[in-house]
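First up is the structure itself, then whatever we jot down about it.
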Amino acid sequence: MLKPEERKEHIDAVFEGNKDLDKIFEEQEKCISALPLVKLTMTAFVEGEDEIVVGDILTCKLRVDYYNMDKGQKSGYVHSKHYPYLKRDSWFLIITDETFTGLAAIEKLVITENFFEKEFKERISRPGKISFTAILTNDSYKGLDQFSKVEVNVVETAVNRKTIEYSKADMKAIKEQNMLAAALMEEEETDEDEADEVDENIELMNKLK
């Protein structure tokens with residue numbers, strides 16, 4: 001977004017020779033201060049790593065900053081002479097690909113602060129270039145929409161990562177932990193099956209009455 005002094009230069013150039021340049025600039029700044037202006041940024045990364053490899057968990061982080069709102073504030077009513085009732089504007093976040101042909105996510109933003117943050121996590125299953133495009137669109141104002149694109153290159157195998165070698169004791173502990181978790185899951189499933197059998201018996205007895 002342009003700074004006030006930069007906007008003043010544009011006013012002077014567009015309305016050159018007008019005697020009311022200061023008044024025009026003042027009215028323009030009042031309008032800008034009332035608009036729901038935002039800034040959208042998006043980053044994609046694998047935590048703690050410089051390169052992105054097949055099998056990694058990719059984190060896509062989005063942040064929306066609201067310029068004209070303090071913490072705890074809400075956007076005001078939309079100014080429209082012909083709209084039949086009072087309405088507040090809403091922002092919608094859309095995640096798609098670079099060709100705008102696929103839809104990964106869509107969400108209506110609930111504003112409780114003067115910023116909004118969202119994270120998406122996805123396991124990468126193929127090598128090559130992956131592109132995400134985020135679109136932030138307003139349902140009431142034209143010309144305020146924001147676009148942000150991020151592109152990452154996924155490699156088949158890591159080049160700069162250090163391979164972690166586990167000791168036999170560590171491997172044994174991990175194996176025992178997995179066996180314990182599997183046993184607990186099996187026990188939960190057994191309890192659920194028994195509960196289902198009891199419910200079926202009760203239902204059958206009720207039918208026989």
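The values are calculated or read from the model by the stated rules, or taken from the named source; none is laboratory data. If you're wondering where the values come from, they're calculated on a predicted model, not measured in any experiment. Counting neighbours? That spans all protein chains shown, and the Cβs are built from the backbone with ideal geometry, glycine included.
In the range 104-127, of all residues being farther than 20 Å from Thr59 by Cβ and under 15 Å from the mean Cα position of the chain (by Cα), the one that is surrounded by the most Cβ atoms within 10 Å (Cβ to Cβ) corresponds to Ile111.
Checking each residue in the range 51-93 for being closer than 23 Å to Leu40 by Cα, surrounded by 15 or more Cβ atoms within 10 Å (Cβ to Cβ) and hydrophobic (A, V, I, L, M, F, W, C) picks out Leu58, Cys60, Leu62, Val64, Met69, Val78, Trp91, Leu93. Is it true that Ser140 is surrounded by 14 or more Cβ atoms within 10 Å (Cβ to Cβ), assigned by TED's automatic domain parsing to the domain that holds Thr41 and part of a loop (DSSP other than H, G, I, E, B)? Taking the combined requirement at face value, the residue satisfies it.
Each residue in the range 94-111 was checked for being without any contact (Cβ under 8 Å) to a residue 24 or more places away in the chain and assigned to a loop (DSSP other than H, G, I, E, B), and 4 of them qualify.
Residues are listed down the side, and each one gets a yes or a no for (1) closer than 26 Å to Gln146 by Cα; (2) in contact with a helix residue (DSSP H, G or I) (Cβ under 8 Å, 6 or more places away or on another chain); (3) outside any loop (DSSP other than H, G, I, E, B):
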{"position": "Asp22", "(1), (2), (3)": "no, no, yes"}
{"position": "Thr43", "(1), (2), (3)": "yes, no, yes"}
{"position": "Asp50", "(1), (2), (3)": "no, no, no"}
{"position": "Leu62", "(1), (2), (3)": "yes, no, yes"}
{"position": "Phe92", "(1), (2), (3)": "yes, no, yes"}
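Would the range 157-173 turn up any residue that is loosely packed, with under 13 Cβ neighbours inside 10 Å, basic (Lys, Arg) and modelled with pLDDT under 60? Scanning the range 157-173 turns up no residue that is loosely packed, with under 13 Cβ neighbours inside 10 Å, basic (Lys, Arg) and modelled with pLDDT under 60.
Applying a threshold of 9 Å to beta carbon distances and a minimum spacing of six or more residues, or different chains, the list of pairs starting in the range 19-36 at a residue that is touching a residue at least 12 places away in the same chain (Cβ under 8 Å) and ending at one that is among the small types (Gly, Ala, Ser) reads Ala34/Gly76; Pro36/Ser75; Pro36/Gly76; Pro36/Ser140. Can you name the residue in the range 34-50 that is surrounded by fewer than 15 Cβ atoms within 10 Å (Cβ to Cβ) and modelled with pLDDT of 85 or more and is also farthest from Lys118 (Cα to Cα) among such residues? Across the range 34-50, the extreme among qualifying residues is Glu47.
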